[in-house]
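**Q** Below you'll find the structure I mean.
The values are calculated or read from the model by the stated rules, or taken from the named source; none is laboratory data. Here the structure is a predicted model, which is why all the values come from computation and not from measurement. Cβ: placed from backbone, ideal geometry, glycine included. Neighbour counts: every protein chain shown. Ligands, DNA and RNA are excluded from the accessible area calculation, which covers all protein heavy atoms including side chains. Shrake-Rupley method; radii C 1.70, N 1.55, O 1.52, S 1.80 Å.
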Amino acid sequence: MGARVSVLRALLCLAGMSMNSATAIAQSAAVPVEIRGEPGYYRLYRAGEPYEVRGAGTQSVEDLTSLARHGANSVRNWAVDDGSFLDRAQELGLTVALCLDVARERHGFDYDDKAAVDEQFERLRAQVLAHRNHPALLAWIIGNELNHDYRNPAVYDAVNDLSMMIHALDGNHPTTTTTAGIDASLARVIEARAPDLDFLSVQVYGGLFDLPEALVEVRLDMPLMVTEWGTVGHWEVRETSWGAPFEPTSTEKARRYREGYERVLAPMAGRLIGNYAFLWGQKQERTPTWYGVFTADGRRTEAADVLQHIWTGRWPANRVPQVHGLKLDGKRAADQVRLAPGRTYVASVRAVDPDRDRLDYDWRIMRESRATQSGGDPEYVPEEFRLPNANGRSGEITWRAPKEPGAYRLYVYVGDGQGGAAHANVPFLVAGT
């Protein structure tokens, strides 16, 4: 540890400042944030007042407006930008847990390469200097899921050096790093190698409901935050014999958001100092509908309604549709649907709208993703086919299967004409003659 501190001091001195002078830099625009309490009960304070994080994650400046409108007070992201993210958040009254994009071992970064580690340190130090005084800043996230497929624990030496650098330059904002899940061995590595962190952030999906028990086994005394939670992960569900995961409907996902908050996160107040739902926006990750609470064309799903209710205690004036029972050729996804090339089939779905809005149905086919990325890394968008005459008022459609054999997925989007949509899909295999 002593050698790393000496390196840190040397790097700061190159900028013409000592550790003490760096700590004493005036930060008139910054809003002080601190953690108070003791093991088992911690609380976040901002400007001296208790601060309850009500937020979600997004990397899109454009999505901040709808996030604030739905009642959130905070947002987390995954990379520092040019400052426009912080500026827009400040305009909307949102705080930001700002993420420094620390290199991952699974992407080929070598934490035994001193020159590469030093270059990364300097790059991130410049970002800290640029944004440390921003009034929207809530906390620094040092890297996202650096434990995902990692082998070299030296990554957490680098995390600790970055945390020390931040504390030397910014005395107003706490530091954390996020982990994909948590277990006892990882907790011991972080305790030993990154003791300068102010709190730890864990990210869990299907494992959210086991989190209270897991934390008992892990025996962590430091403050904790959940910085990603929401639906079940695509790696946590059953799949077809050809490897296509079964995706829950938007209605099933909304129920999971609500139960996850009510059964786990809310009762852990004090043990947790905050949480950020995933994902406020839309992204392609195995499918275009798995994680985002919005569709690709910007319509909100039921999960967005649930999050608004969690944050404000109020439902939107107009609720989105609910969808149930998607079938293809009379079969559900779990029936391992196989179709013959070019044959005619019927698909059907049941949908209801709480406000009795008139519903429209948009049916589409997309090739099954062959992506093998993990940890939320960017994926390509598979080819999509819009079915002829698929836009209508009927929850049933007759269509021809693709002529080319292969793995596909049938999607239905049910819209209410009020900016809301429900969705469901079923994977199928075209095979034979």
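**Q** Looking only at region 42-65, how many residues end up being touching an Asp or Glu at 6+ places or on another chain (Cβ under 7 Å) and of a type in the set (G, A, S)?
**A** Residues flagged as touching an Asp or Glu at 6+ places or on another chain (Cβ under 7 Å) and of a type in the set (G, A, S) within region 42-65 amount to 1.
**Q** With the requirement that a residue be part of a strand (DSSP E or B) and of a type in the set (A, V, I, L, M), what does region 177-186 give you?
**A** If the condition is that a residue be part of a strand (DSSP E or B) and of a type in the set (A, V, I, L, M), then A180 is the only one that fits.
**Q** Anything in region 379-410 that is open to solvent by 10 Å² or more (accessible area, probe 1.4 Å) and either closer than 29 Å to N318 by Cβ or without any contact (Cβ under 8 Å) to a residue 12 or more places away in the chain (or both)? List them, or say none.
**A** Those that are open to solvent by 10 Å² or more (accessible area, probe 1.4 Å) and either closer than 29 Å to N318 by Cβ or without any contact (Cβ under 8 Å) to a residue 12 or more places away in the chain (or both): E384, R386, L387, P388, N389, N391, G392, R393, S394, G395, E396, I397.
**Q** Here is a further query. Just to verify a result, which residue in region 36-57, among those that are in a strand (DSSP E or B) and open to solvent by 50 Å² or more (accessible area, probe 1.4 Å), is farthest from A304 (Cα to Cα)?
**A** Looking at residues that are in a strand (DSSP E or B) and open to solvent by 50 Å² or more (accessible area, probe 1.4 Å), I get E38.
**Q** Can you name every residue in region 13-41 that is under 26 Å from Q90 (Cα atoms) and either modelled with pLDDT of 90 or more or among the hydrophobic types (A, V, I, L, M, F, W, C) (or both)?
**A** Answer for region 13-41, where residues must be under 26 Å from Q90 (Cα atoms) and either modelled with pLDDT of 90 or more or among the hydrophobic types (A, V, I, L, M, F, W, C) (or both): A22, A24, I25, A26, A29, A30, V31, P32, V33, E34, I35, R36.
**Q** May I pose another question? Which of the residues that make up region 261-304 are crowded, with 22+ Cβ neighbours inside 10 Å, more than 13 Å from the chain's Cα centre (by Cα) and under 21 Å from Y51 (Cα atoms)?
**A** L272, I273, G274
**Q** Restricting the search to region 321-352, which residues are in contact with a Ser or Thr (Cβ under 6 Å, 6 or more places away or on another chain) and hydrophobic (A, V, I, L, M, F, W, C)?
**A** Correct list: V323, V346.
**Q** Do you know which residues across region 168-197 are surrounded by fewer than 21 Cβ atoms within 10 Å (Cβ to Cβ) and not aliphatic (A, V, I, L, M)?
**A** Matches in region 168-197: G171, N172, G181, D183, S185, R188, E191, R193, P195, D196.
**Q** So which residues in region 198-213 are open to solvent by 30 Å² or more (accessible area, probe 1.4 Å) and either farther than 20 Å from R125 by Cβ or under 20 Å from the mean Cα position of the chain (by Cα) (or both), if there are any at all?
**A** Within region 198-213, F209, D210, P212, E213 qualify.
**Q** Continuing with the same structure: For region 331-378, what are the residues that are under 30 Å from the mean Cα position of the chain (by Cα), under 16 Å from A407 (Cβ atoms) and free of Cβ contacts under 8 Å to residues at least 40 places away in the same chain?
**A** R370, T372
**Q** On to the next question. Among the residues of region 145-176, which ones are in a loop (DSSP other than H, G, I, E, B) and in contact with a Leu (Cβ under 9 Å, 6 or more places away or on another chain)?
**A** Listed by number, the residues that qualify are N147, D170, N172, H173, P174.
**Q** Please work out if R364 is basic (K, R) and farther than 30 Å from Q59 by Cβ.
**A** No: the conditions fail for R364.
**Q** Of the conditions (1) farther than 21 Å from D198 by Cβ; (2) in contact (Cβ under 8 Å) with a residue 12 or more places away in the chain, L137 clears all except one; give me its number.
**A** Condition not satisfied by L137: (1).
**Q** Could you check region 187-204 and list, in sequence order, the residues that are touching a helix residue (DSSP H, G or I) at 6+ places or on another chain (Cβ under 9 Å) and touching a residue at least 60 places away in the same chain (Cβ under 8 Å)?
**A** The one that is touching a helix residue (DSSP H, G or I) at 6+ places or on another chain (Cβ under 9 Å) and touching a residue at least 60 places away in the same chain (Cβ under 8 Å): D198.
**Q** For region 47-64, does any single residue satisfy the condition of being hydrophobic (A, V, I, L, M, F, W, C), at pLDDT 95 or above and more than 21 Å from V293 (Cα to Cα)?
**A** Among the residues of region 47-64, at least one is hydrophobic (A, V, I, L, M, F, W, C), at pLDDT 95 or above and more than 21 Å from V293 (Cα to Cα), which makes the answer yes.
**Q** Follow-up question, since we're still on this one. Restricting attention to region 214-238, report how many residues are within 17 Å of S185 (Cα to Cα) and either open to solvent by 20 Å² or more (accessible area, probe 1.4 Å) or part of a helix (DSSP H, G or I) (or both).
**A** 8
**Q** For region 128-139, how many residues meet the condition of being over 20 Å from L92 (Cα atoms) and either touching a helix residue (DSSP H, G or I) at 6+ places or on another chain (Cβ under 7 Å) or open to solvent by less than 10 Å² (accessible area, probe 1.4 Å) (or both)?
**A** Final tally of qualifying residues: 2.
**Q** Specify the residue that is most open to solvent (accessible area, probe 1.4 Å); the eligible residues are those in region 58-82 that are among the acidic types (D, E) and part of a loop (DSSP other than H, G, I, E, B).
**A** Of everything passing the filter in region 58-82, D82 is most open to solvent (accessible area, probe 1.4 Å).
**Q** Follow-up. As an exercise: evaluate S348 against (1) surrounded by fewer than 18 Cβ atoms within 10 Å (Cβ to Cβ); (2) out of contact with any His (no Cβ under 7 Å at 6 or more places or on another chain); (3) more than 12 Å from E396 (Cα to Cα) and give the number of the one condition it does not meet.
**A** (3)
**Q** For region 83-119, which residues satisfy the criterion of being open to solvent by less than 40 Å² (accessible area, probe 1.4 Å) and in a helix (DSSP H, G or I)?
**A** F85, L86, A89, A116, V117, listed by residue number.
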